[in-house]
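All remarks here apply to the structure that follows.
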Amino acid sequence: MADLGCSSGTNALSLIGDVVNGIDERCHEKTRQVPQFMVFLNDLPGNDFNSIFVSFSDFGRRLKNVGRRDESHSVFMAGVPGSFYGRLFPSNSLHFIHSGHSLHWLSQVPPGIFNEEGKSMNTREIYISKTSPPAIAKAYHQQFQKDFGSFLKSRSEELVSEGRMALIMSGRDTKEPCNKGTTLLWELLARSLSIMVAQGEIRGEDLELYSAPFYAPSLKEIEDEVLREGSFMVEYLEIFKDKIGSGDAKKDGVALAKAIRAIQEPMLCHHIGREAIDRLFHIYSELLREVMEKEEIVAVYAIVVLRRSP
């Protein structure tokens with residue numbers, strides 16, 4: 001099995017443990033021997049795979065202490081650096097693929113948001129907003145179609161017949177691409193950048209050059225691409241909503257700002273410089289606090305299970 005977009009945090013191996021333990025339970029019910037597992041962890045080459053490998057020995061010891069596992073049980077692991085928008089594994093080599101909170105990241109900022117002079121037509125915004133021209137939403141959707149189609153085609157060649165994929169990504173529950181559940185965090189980040197421009201801390205042209213390589217699709221957009229590619233059958237497709245935060249607006253604002261920073265910092269540093277990052281995310285956390293004192297912020301996820309056609 002493969003985990004695509006595994007990252008390197010404390011939960012990088014949690015999914016693997018869930019799968020292994022689940023199969024262990026089923027094998028016990030049917031009095032079958034637990035199989036061996038080959039696990040491939042994938043992310044971009046800059047990911048800290050070493051930190052995952054260091055924690056693997058403890059992970060293995062924890063598995064051995066769970067349930068009725070015999071001495072022949074084993075889990076093998078390898079890191080596979082590269083973009084999941086292309087081929088990563090040999091043909092017909094995988095039984096199960098998982099990707100959690102990764103597929104909403106596009107392979108690039110959509111080229112269609114720029115005019116002939118190379119300037120963004122999405123003035124002072126970093127993602128789709130209410131003020132964005134229609135061409136912006138269209139460009140983002142087209143980039144999603146291209147990327148998700150490439151993802152499906154590559155995985156269809158790597159999965160065995162009847163193999164499964166379980167995908168979790170940011171999504172939306174409306175037809176319109178400008179949905180508060182998926183645009184609010186980006187709007188607040190754009191506002192934070194604008195505040196720094198107004199205060200002379202960063203240049204306005206730096207903000208014009210930055211756009212988020214992100215897209216939160218609707219269920220129909222996901223299903224349309226699955227049908228267009230043609231190699232998979234949809235077994236499960238639902239929207240899941242989750243309230244963000246604990247109720248302490250100040251604490252939650254700081255925590256959420258740190259989470260967004262962990263993802264966006266490398267890209268933002270390229271545009272506004274590393275020295276401006278601390279100030280940017282301090283402003284961002286304050287804006288988040290103000291919003292969270294007034295209303296709940298709800299994350300919207302699309303949960304997708306696909307089966308490889310025979």
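Name the residue, out of N47, N11, N122, whose mean-square fluctuation peaks in a Gaussian network model built on the chain with Cα pairs under 10 Å.
In this elastic network of the chain, the residue with the biggest mean-square fluctuation among N47, N11, N122 is N11.
Could you tally the net charge around L159, taking each other residue with its Cβ under 10 Å from the Cβ of L159, Lys/Arg +1 and Asp/Glu -1?
On the way: positive: R155, R164, R307, R308; negative: E157, E158, E162.
Its environment carries a net charge of +1.
Using only the Cα atoms of region 30-180, each taken as one equal point scatterer with no solvent, compute I(q) by the Debye sum, divide by I(0), and report log10 of the ratio at q = 0.09, 0.20, 0.21 Å⁻¹.
Calculated log10 I(q)/I(0) at the listed q: -0.45, -1.30, -1.36.
What accessible surface, in Å², does a 1.4 Å probe find on V54, ignoring ligands, DNA and RNA and rounding to the nearest 10?
For V54, solvent-accessible area is about 110 Å².
Just to confirm the filter: which trypsin sites (Lys or Arg not before Pro) across region 94-135 are DSSP coil and have at most 12 other Cβ within 10 angstrom of their Cβ? Don't skip to the answer; put the middle values down first.
On the way: sites: K119, R124, K130; in loops: K119, R124, K130.
Here the trypsin sites (Lys or Arg not before Pro) that fit, given the DSSP loop and packing criteria, are K130.
How many Å² of accessible area per residue for the chain, probe 1.4 Å? If you can, show how the numbers build up before the last one.
Working: 15860 Å² over 310 residues.
So the chain comes to 51 Å² accessible per residue, rounded to a whole number.
So which lysines pass the test for K153, namely a Cα distance under 26 Å, with those fewer than 8 places away in the same chain ruled out?
Leaving aside lysines fewer than 8 places away in the same chain, those within reach of K153 are K138, K175, K220.
Using only alpha carbon pairs under 8 Å that are at least six residues apart, calculate the relative contact order of region 1-125 and give it in whole percent. Please report the intermediate quantities before stating the final value.
Values: 130 pairs, mean separation 45.4, N = 125.
About 36 percent, as a whole number.
With the chain treated as a Gaussian network of Cα nodes joined by springs under 10 Å, which of L167, L227, L188 yields the largest mean-square fluctuation?
Its mean-square fluctuation being the largest, the pick is L227.
Using Cα pairs under 8 angstrom and six or more residues apart, how large is the relative contact order of the chain, in percent?
Values: 491 pairs, mean separation 62.9, N = 310.
Result for the chain is 20 percent.
Percent of accessible area on the chain owned by carbon and sulfur, 1.4 Å probe? Display every interim value, and only then the final one.
Details: 8270 of 15860 Å².
Carbon plus sulfur share of accessible area: 52 percent.
Pairs of alpha-carbon atoms within less than 8 angstrom and 6+ residues apart define the contacts here; what relative contact order does region 186-310 have, in percent? Intermediate values should be presented prior to the final figure.
Details: 123 pairs, mean separation 52.6, N = 125.
Over region 186-310, the number comes to 42 percent.
The values are calculated or read from the model by the stated rules, or taken from the named source; none is laboratory data. Bear in mind the structure is a predicted one, so any value in this text is a computation, not a measurement. FYI the Cβ positions are ideal-geometry reconstructions off the backbone, even for glycines, and counts take in every protein chain you see. When the accessible area is computed, the model is the full protein with side chains, heavy atoms only, and any ligands, DNA or RNA have been set aside. Shrake-Rupley method; radii C 1.70, N 1.55, O 1.52, S 1.80 Å.
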